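What follows is a single structure, written as structure tokens, with notes after it.
The values are calculated or read from the model by the stated rules, or taken from the named source; none is laboratory data. None of the values given here were measured: they were computed from a predicted structure. Quick reminder, even Gly has a Cβ in these numbers, built from the backbone with ideal geometry, and neighbours come from all protein chains shown.
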Amino acid sequence: MKPRLLIKIGGRAAADISAFSALITDVRRLSAEFSVVIVHGGGAEVSEISRRFGYEPVFSDGIRITSDAEMAVVDMVLAGKANKALVRASAAAGVPAVGLSGSDGGLFVGEPITAATGPSRTGRVTACDTRILTVLDTAGFLPIVCSTSMDSGGGALNINADDIALALASAVSAEALVFLSDTPGILKDDRVIDRLDAVTAEHEIAAGVIAGGMIPKVRASVRAIENGVSRIIVGEYKKGGDLTALIAGECGTRIAAKETI
């Protein structure tokens, strides 16, 4: 079986269908070498639609605290509108895709977290069953995974898409996990940090270079490396070819075990 490549899309690559279509062209080329899985969220669109229904989004440390009422909107936007738009764009670019949530085949399940405001439908991953990814890959389909799932009792959950990507990458011992956004990588003095390992990551955190919501993301990335992911790349997607350049180490920030960088 080919090595796994997980791509978590955010920013323009997720919100702009033309950018996503260019990305899919890159994916089609890379699929000769990798078994590719795409993971997406869609927080901005969830917030927009939630407000239309009269629900004001609530965040804690950058994580959406999902109420019971808002969970229906999250499911509708992420597992419905956003996921199917990406599946259609993929098919139009010549790559047959299947849209999944964590609930499908038990791909990933979780448990709700308790926020400062009380119980919520925001969750954390507790288990992954990646057999459905193998089935789809064998049949020639690209899995496009949204970040909604369920708890052990079947209740709907909204889980951070970065956390999903890290959990799935660890579960399949991915060759690479790429986080795509609108920033060129992890920055230090307005310059991209080329490489990080556990030691250098903690040094940059202590120095205040890595701060805010990037701290848990980097620490979770380091844990994923320790759990078998070969490398994690953080970078920007602007045009066709950028994904290939990121995987080749020509741009972005690479997080890996010390002996490999």
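Within region 81-99, residues that are at negative phi and touching a residue at least 60 places away in the same chain (Cβ under 8 Å) sit with their Cβ atoms under 6 Å from residues that are assigned to a helix (DSSP H, G or I) and basic (Lys, Arg), at 6+ positions apart or across chains, in these pairs: 95/28. Within region 9-29, the set of residues being modelled with pLDDT under 90 and of a type in the set (Val, Ile, Thr) comprises just one member, 17.
Working carefully through the options 97, 91, find the one that is modelled with pLDDT of 95 or more, over 15 Å from the mean Cα position of the chain (by Cα) and surrounded by fewer than 15 Cβ atoms within 10 Å (Cβ to Cβ). Spell out how you get there, then give the answer.
On the way: 97 fails: surrounded by fewer than 15 Cβ atoms within 10 Å (Cβ to Cβ).
Every option except 91 fails the conditions.
Just one of the listed residues (24, 9) is surrounded by 21 or more Cβ atoms within 10 Å (Cβ to Cβ) and under 17 Å from residue 164 (Cα atoms), and it is 9. When region 195-233 is limited to residues that are free of Cβ contacts under 8 Å to residues at least 60 places away in the same chain and of a type in the set (D, E, K, R), the one that is farthest from residue 168 (Cα to Cα) turns out to be 204.
Yes/no per residue for (1) part of a strand (DSSP E or B); (2) in contact (Cβ under 8 Å) with a residue 12 or more places away in the chain; (3) within 18 Å of the chain's Cα centre (by Cα):
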| site | (1), (2), (3) |
| --- | --- |
| 13 | no, yes, yes |
| 28 | no, yes, no |
| 33 | no, yes, no |
| 39 | yes, yes, yes |
| 57 | no, yes, no |
| 71 | no, yes, no |
| 77 | no, yes, yes |
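State the number of residues belonging to region 105-137 that are closer than 15 Å to residue 67 by Cβ, of a type in the set (A, V, I, L, M, F, W, C) and loosely packed, with under 15 Cβ neighbours inside 10 Å. Result for region 105-137: 1. Which condition breaks for residue 105 when tested against (1) touching a Lys or Arg at 6+ places or on another chain (Cβ under 7 Å); (2) not in a helix (DSSP H, G or I)? So residue 105 meets the others, but not (2). For region 5-29, the set of residues classified as over 15 Å from residue 179 (Cβ atoms) and of a type in the set (Lys, Arg) consists of 28, 29, listed by residue number.
Go through region 138-175 and give me each residue that's surrounded by fewer than 22 Cβ atoms within 10 Å (Cβ to Cβ) and part of a strand (DSSP E or B). Across region 138-175, the qualifying residues are 150, 156.
Taking only region 246-261 into account, find how many residues are within 16 Å of residue 177 (Cβ to Cβ) and free of Cβ contacts under 8 Å to residues at least 40 places away in the same chain. Adding up the residues that qualify gives 3.
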